[in-house]
Each structure stands twice: as structure tokens, then as C-alpha cells.
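All remarks here apply to the structure that follows.
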Amino acid sequence: MTDWSVRNVRDLTWEKNGLGVYCDLLQGDDDAAEEFAINLSVLARGEPMALYHHEPHQEGFLVLRGECELIVEGASHPMRQWAYFHCPVDVPHVIVGAGDEPALVLSVGSRVGGGGATYPPDPLAARYGASTDEDHDARAAYAKFGPGVAVPFDEGFVG
């Protein structure tokens, strides 16, 4: 059983690549991270949070600051501060930064069962480089965003 913990995002490791700047709030807690994922992402205009995908478990996304474009089931939906997207099992989606200022998005999901995401091509997501091609090769598609590189915390990430 995992012990309880309190963490401050200012003290955690943040990473940056072509998918914005992000932080895993459960880093260092292997027991908790085995079941549950909770992340913060900072997305500039046009930066996708991930590739367009669907998973065999629910996810949730809350825009804490800024504006995003939600692409879900092939259609675009604007999201602004305090908009919440509940994503049921097997619904294809991706979130992309859309405002003049970076967006801050809180993401939650399950890691039970480990992976299982499917990456269907989507023309709308492809406009942001957030789609696989007809080969559905997610590994190659993610490679273009580069590896995550540790960056120091910046107050601009959250404020």
C-alpha cells in the first residue's frame, strides 16, 4: 500500500519537448503511479498534449488557465479556463494549445492494465502534427516531438 504524500509542483521535475512542458505529479511514487496518472501540461498555441488516440480506460482533462482546442471523434471543440472534458473508454481525442498565452491543463487517468492506447489517423489532428499516418505507427509519430528534457520550474508554468 502506498503511503500518503504532499507534493508541490514547484519542487517536481518538469520536462519539455514538442508536446509542451509537463510534470508528472506522482513521480517517484511507483506504487501510486502504477494505478493512477495525474499530470500538468503547459501548451503553447499549436502544441498538442499527445497524439490523437483512444484508450481502454477513462481520462479527464481540466483547463486551469488559457485556451485549448479539443479534437474528439474527429471534431473540434474550444475549451477555455475551467472547461472539463470527461473522456469515456475508447473515445479518440487530443488536446492542443489554442490561445495567445500558454494553457495549463490538468490530466487524470488510469494506468491499470498498462497501455493499450490505439492511434487512429485523423485529418484535423494531423494539422498539428498530432496524428499517426496510415501505418498507425505511434512510436515514429512520437519521435518527431523529441525526448523530454528536464527544465527548471518556471513560475510562468502555473501562474
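For region 71-85, the set of residues classified as surrounded by 10 or more Cβ atoms within 10 Å (Cβ to Cβ) and either among the small types (G, A, S) or on the phi < 0 side of the Ramachandran plot (or both) consists of I71, V72, G74, S76, H77, P78, M79, R80, Q81, A83, Y84, F85, listed by residue number. Scanning region 74-93 for residues that are closer than 15 Å to E55 by Cα, in a loop (DSSP other than H, G, I, E, B) and either touching a helix residue (DSSP H, G or I) at 6+ places or on another chain (Cβ under 8 Å) or in contact (Cβ under 8 Å) with a residue 40 or more places away in the chain (or both) returns a single hit, P92.
So is A103 out of contact with any His (no Cβ under 8 Å at 6 or more places or on another chain) and either under 21 Å from Q27 (Cα atoms) or touching a residue at least 40 places away in the same chain (Cβ under 8 Å) (or both) or not? So A103 fits the description; yes. Taken over region 110-155, residues that are of a type in the set (A, V, I, L, M, F, W, C), in contact with a strand residue (DSSP E or B) (Cβ under 6 Å, 6 or more places away or on another chain) and surrounded by 12 or more Cβ atoms within 10 Å (Cβ to Cβ) amount to 7. Across region 32-81, the number of residues qualifying as among the hydrophobic types (A, V, I, L, M, F, W, C), under 21 Å from E15 (Cα atoms) and more than 10 Å from the chain's Cα centre (by Cα) comes to 9. Flag: V158 matches the condition of being within 15 Å of L40 (Cα to Cα), hydrophobic (A, V, I, L, M, F, W, C) and over 15 Å from the mean Cα position of the chain (by Cα). Taking the listed residues D90, D29, the one that is farther than 23 Å from Y119 by Cβ, over 11 Å from the mean Cα position of the chain (by Cα), acidic (D, E) and modelled with pLDDT under 95 is D29, with no other qualifying.
Go through region 35-59 and give me each residue that's in contact with a Cys (Cβ under 7 Å, 6 or more places away or on another chain) and not in a loop (DSSP other than H, G, I, E, B). N39, L40, L43, E59, listed by residue number. Counting only residues that are touching a residue at least 24 places away in the same chain (Cβ under 8 Å), under 18 Å from H54 (Cα atoms) and hydrophobic (A, V, I, L, M, F, W, C), region 127-152 holds 3 of them.
Could you look through region 108-159, keep only residues that are in a loop (DSSP other than H, G, I, E, B) and of a type in the set (S, T, N, Q), and pick out the one that is modelled with the lowest pLDDT? By that ranking, first place goes to T132.
The values are calculated or read from the model by the stated rules, or taken from the named source; none is laboratory data. Given the structure is predicted, the values throughout are model-derived calculations rather than measurements. Quick reminder, even Gly has a Cβ in these numbers, built from the backbone with ideal geometry, and neighbours come from all protein chains shown.
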